[in-house]
Amino acid sequence: MKVNGTPTRTIWVEADGAVGAIDQTLLPHRYATIRIETVEHAAHAIKSMQVRGAPLIGATAAYGMALALRQDASDAGLERAYALLIATRPTAINLKWALDEMMAAVRNRAREDRVSAAYKRAQEIADEDVEINAAIGRHGLKLIEDIAAKKPGKPVNLLTHCNAGWLATVDWGTATSPIYQAHDKGIPVHVWVDETRPRNQGASLTAWELGHHGVPHTVIADNTGGHLMQHAQVDIAITGTDRVTAQGDVCNKIGTYLKALAAQDNNVPFYVALPSPTIDFTVSDGVAEIPIEQRGPEEVTTMTGKTADGRIESVRIVPDGSAVANYAFDVTPARLVTGLITERGIIAASREALATAFPERVSGT
Ligand code: MRU
C-alpha cells in the first residue's frame, strides 16, 4: 500500500542484507522504520510488537533466520535461531509455519549455500504473502459487491476488529484486502473500526492505514459493535485470525468471540480472512488446544497517546495495587463463523471444507 504516495511494504531487505520494517509501536502519531541486523533484533521486534500480525510475524521470523545464518551458518546456529524465534509469541501459527519452511529450505544444504538459500526463501515467503492477500481481496470483494447491489448508492458498512490490515502482513492485509479492492473499484464502503483494547491496534493502526488510503471509517469503543448490529448499521463483519484449527475454530485478537456472538444474535454475516499458512491442521478444538498469549499488565494499566502540545506520553488508568490480567487472544468456535475468505476462495469453517481446499496441508500433518 502507499505511505504518503510511496508504495510501501511493512518489511524489506536493505542493500547490505539488513532488514527494514515499520515500527508499529510508534503509529499513528509517528511513522518511523527500524533496522534489523541480527536474529536477536528480529526476535525483539516480534516480542515488543514493533512488527505484529500473524503473517508479518511469519515473514519477520523468516528474515530473522536468514540474518542468523549470516552470523552462524552451522547446524547449532540454525537450531539456536529457531529456538529463539519460536519462543517470541505463542499464538500466531504463522511463526512456526515460516520457521519450518526456512528449516526445510536450508537444513540439507552445505553451510556455504545456506545464507543465500535462506534469503531466497524468506523473500519468497514475503512475496507469496502479498499475492495471497491480493487473492483474498478478490474473493472477498464478491461479498461486498453482493451487499452493494442490494443497497445502491449507500455505503456497505463493515465492522472489523484489531488490525488485519496491510500493517499486519507484508502488503494488502487480509480482512482489509477486500475493502481496499472495493474502495478502489468505486464501491462506497464505510468501516466501523473497533479500537481493540488494550493495545488499540484498531484505533492506532487500522484507522491509520484506512485513512492513508482514503477509506471512510469510524473508530468505536470495543463494546459498541453489538449495539450497531441491533440497529442494522453493520452489513458484514470481517476479521483476521492468528490460527484456524482443522475443524474451523478461529483464534484472533481478544474480543473477536464477543463480536461473533453479537453477529449471530443479529444475523450479521461474520467472515474471517486468512492466508493458508494460518491454518493449523495439527489441532481441532481451538478453545482447548490453542495456546493463548498473556502479555504484561502495563498494556492494560497504561495508555499511550499524544498530548495537546504534541508530546507522546503514557498515563496510568488503573488504581495502584489492582490486579490485572491481559489475555491477548480468544477463540471463536466454527459454528459462529459464516465463512473463511482464503486465497483459494470462500469456504465454510469446517473440517471437510478446509481439507478439500488445502489437501496438501492435510496430507503433510
Ligand atoms: O497481537 P497482534 O497485534 O499481533 O494481533 C493481531 C491479530 O489478532 C490479527 O487480527 C491477526 O494476526 C491477523 S493479521 C492478518
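The values are calculated or read from the model by the stated rules, or taken from the named source; none is laboratory data. Only a predicted model underlies this, so the values are computations on that prediction, with no experimental measurement involved. Every residue, glycine as well, gets a Cβ built from its backbone with ideal geometry; the counts of neighbours run over all protein chains shown. Note: accessible area is taken over every heavy atom of the protein model, side chains too, but ligands, DNA and RNA are not part of it. Shrake-Rupley method; radii C 1.70, N 1.55, O 1.52, S 1.80 Å.
Classify the range 211-365 from the C-alpha gyration tensor, please: rounded if a/c falls under 1.5, else prolate or oblate depending on whether a/b exceeds b/c.
Note, shape of the range 211-365 comes out prolate.
How compact is the chain by the rule of thumb for globular proteins, expressed as Cα Rg over 2.2 N^0.38 Å?
This ratio for the chain stands at 0.96.
Among Asn326, Thr241, Gly186, whose Cα sits farthest toward the positive end of the charge dipole of the chain (+1 at Cβ of Lys/Arg, -1 at Cβ of Asp/Glu, about the Cα centre)?
Farthest along the dipole direction, towards plus: Gly186.
So between Thr282 and Glu352, what do we pick up on full extension, going 0.36 nm a residue minus the alpha carbon distance?
Gain on extension, Thr282 to Glu352, equals 23.7 nm.
Just to verify a number: FRET efficiency for Thr8 and His29, C-beta to C-beta distance, R0 = 25 Å, to 0.05?
0.90
I need the calculated FRET efficiency for the pair Glu124 and Gln294, taking r as the beta carbon distance and R₀ as 41 Å, to the nearest 0.05.
0.75
Please tell me the relative contact order of the chain in percent, rounded to the nearest whole number, where contacts are Cα pairs under 8 Å and at least six residues apart.
15 percent
Say a paramagnetic label sat at a point 7 Å from the Cα of Glu360, along Cα to Cβ; which residues of the range 132-176 have their backbone N under 19 Å from it?
Inside the label zone: 132-136.
For the range 16-130, with the dipole built from +1 on Lys and Arg beta-carbon atoms and -1 on Asp and Glu ones, taken about the Cα centre, which of Met49, Ala21, Ile36 lies farthest toward the positive end?
After comparing all options, I get Met49.
How many angstrom separate the Cα center of the range 224-282 from the Cα center of the range 287-335?
Cα centroid to Cα centroid, the span is 20 Å.
Please grab the % of Cα pairs in the range 106-218 that end up more than 22 Å from each other.
Taking all Cα-Cα pairs of the range 106-218, the fraction more than 22 Å apart is 42 percent.
With each pseudo-label sitting 7 Å past Cα toward Cβ, what's the Asp75-Glu40 distance in nm, one decimal?
Result: 2.6 nm between the two label points.
Where both residues lie in the range 1-127, what percent of DSSP beta bridges are antiparallel, nearest 5?
That works out to approximately 100 percent antiparallel.
How would you order 187-196, 17-26 from highest to lowest mean count of nearby Cβ atoms within 10 Å?
Output ranking for 187-196, 17-26: 187-196, 17-26.
If you restrict to DSSP beta bridges whose two residues both lie in the chain, what percentage is antiparallel, to the nearest 5?
Expressed as a percentage, antiparallel bridges in the chain total about 55.
Ordered by packing density, taken as the mean number of other Cβ atoms within 10 Å over each peptide's residues, highest first, how do 344-356, 225-237 rank?
Descending packing order for the listed peptides: 225-237, 344-356.
Run the simple label-point estimate for Asp309 and Leu261 please: 7 Å along Cα→C-beta, distance reported in nm.
For Asp309 paired with Leu261, the spin-label model returns 4.6 nm.
Holding the Cα-Cα limit at 23 Å, pick out from Lys142/Lys253; Lys96/Lys253; Lys185/Lys259 the pairs that are longer than that.
Where the Cα-Cα span goes over 23 Å, the pairs concerned are Lys142/Lys253; Lys185/Lys259.
Could you order peptides 240-253, 91-104, 3-16 by the average number of other Cβ atoms within 10 Å of their residues, highest first?
Top of the packing list down: 240-253, 91-104, 3-16.
Hey, can you find the accessible area per residue of the range 54-173 for me, probe 1.4 Å, expressed in square angstrom?
37 Å²
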